[in-house]
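Heads up: the structure comes next, in structure tokens.
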Amino acid sequence: MNSIDRYAVIGSGIGHSRSPQIHALFAKATRQAMEYGLLDAPPVAFQTVVRKFFREGGRGLNVTVPHKQAALRLADTHTPRAQRAGAVNTLASAANGKLLGDNTDGAGLVRDLTVNLDCTLRGARVLLLGAGGAARGVIAPLLEAGVASLSVCNRHGVRAKKLAQEFADLGPVTAVPADDSTAAGRAHIRDDAGYDVIVNATSASLRGELPQIPAYAVGTQTLAYDLAYGERDTVFMHWARSAGAARAVMGLGMLVEQAAESFLLWRGVRPDTAPVLAALRSPT
Ligand code: NDP
């Protein structure tokens, strides 16, 4: 049995994941004796790999695409935010041998927006692009942050409608069409001012594509935030800047902040994220 506490990220096709680097930096800074690895597993192997990891003494896993819903089903108990999101991105072994499922994605996004980017969410008009797993995870935390309105816009509009209905009990969330054909979306913004924040939670950036976005969405005060991250600015970021947005940023800060939330759950200490984010951004 390994004496050092073991953690890992599990996903499919995650050879380039930055999570091992992030958690190694957290562990060093907080003087935690732990190791953090990488488990590449296709959906068919997910359950077997996870069970083996914990049976052999593993303490916690980060869960990424495409396993977040499978992780929800596998966990024995869930935090309220994981239950609400309908997805799990963090698994932890509890003292009774049970598996706890949490979701730290939304908290990570809100913290990056409010703390790192100094963006005021209270009273903000927010457009959320996408209705997949990531979008599900961020809706409740954005509503809890006190946004004035949350408009969900998706390529397949019916998915946006379903999501908006599912979270309507938590606050002002509605679905808006992706095109300009109706005035439905405009009702949520001040005249010609655009949204205060546009969050791109589609996976379009991963293929270098731009989701359809209502033309009225961008104003000169708009912060455009792409959940995707990489070496270079995304198509969405380029589009937002050319459409006149005040700022366009990628989701590296969210990645680091959601990792810090997972680290807190596992180790009981919240690492300082600023130096880690700076290290990730500095050219190697
Ligand atoms: P899903 O596969 O669950 O959902 C994908 C969504 O993107 C769907 O709403 C889909 O629309 C939409 N979409 C895909 N391609 C296009 C396109 N060409 N045009 C318009 N819409 C499109 O993915 P996830 O929700 O899990 O992930 C979304 C993104 O968020 C990924 O880039 C992922 O890397 C990123 N992410 C980043 C995190 C971070 O920490 N920074 C954390 C979690 C996720 P439809 O329903 O119509 O098919």
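Quick notes
- Relative contact order [Cα under 8 Å, 6+ residues apart], the chain, whole percent: 15
- Global geometry of the stretch 1-63, whether rounded, prolate or oblate, following the gyration tensor of its Cα atoms and the 1.5 cut on a/c: oblate
- ³J(HN,Hα) computed for each position of the stretch 17-32 - Karplus, 6.51 cos²θ - 1.76 cosθ + 1.60, integer Hz, glycine/proline x: 4, 9, 4, x, 5, 4, 6, 5, 5, 4, 4, 5, 5, 9, 6, 9
- Dipole-positive endmost among T30, L150, T273 within the chain (Cβ charges, Cα centre): T30
- Where both bridge residues fall in the chain, DSSP classifies roughly 20% of the beta bridges as antiparallel.
- Between G194, G244, G137, the GNM of the chain built on Cα springs shorter than 10 angstrom shows G244 fluctuating the most.
- The packing ranking, built from the mean of other Cβ atoms within 10 Å per residue, places the peptides 77-90, 161-174 in the order 77-90, 161-174, highest first.
- Think of a 1.4 Å ball rolled over the protein heavy atoms: the stretch 1-108 then has 49 Å² of accessible area per residue.
- Think of it as helices only: each DSSP H run of n ≥ 4 in the chain is worth -39500 (n - 2.57), and spread over all residues that comes to -10000 deg cm²/dmol at 222 nm.
- Hull-based mean projected area of the chain, where the convex hull spans the alpha carbons, in square nanometres: 14.7
- Under 18 Å from the R155 label point (7 Å along Cα→beta-carbon), backbone N, the stretch 121-148: 128-136
- Accessible carbon and sulfur surface of the stretch 56-161 relative to its total accessible area, %, 1.4 Å: 50
- Packing here is the average count of other Cβ atoms within 10 Å per residue, and on that basis the peptides 4-13, 125-134, 96-105, highest first, run 125-134, 96-105, 4-13.
- Close Lys pairs in the chain, defined as Cα atoms under 30 Å apart and 8 or more places apart or on different chains, number 8.
The values are calculated or read from the model by the stated rules, or taken from the named source; none is laboratory data. Just so you know, these numbers come straight off a predicted model, no measurement behind them. Don't worry about glycine lacking a Cβ; one is built from the backbone with ideal geometry, like all the others, and counts go over all protein chains shown. When the accessible area is computed, the model is the full protein with side chains, heavy atoms only, and any ligands, DNA or RNA have been set aside. Shrake-Rupley method; radii C 1.70, N 1.55, O 1.52, S 1.80 Å.
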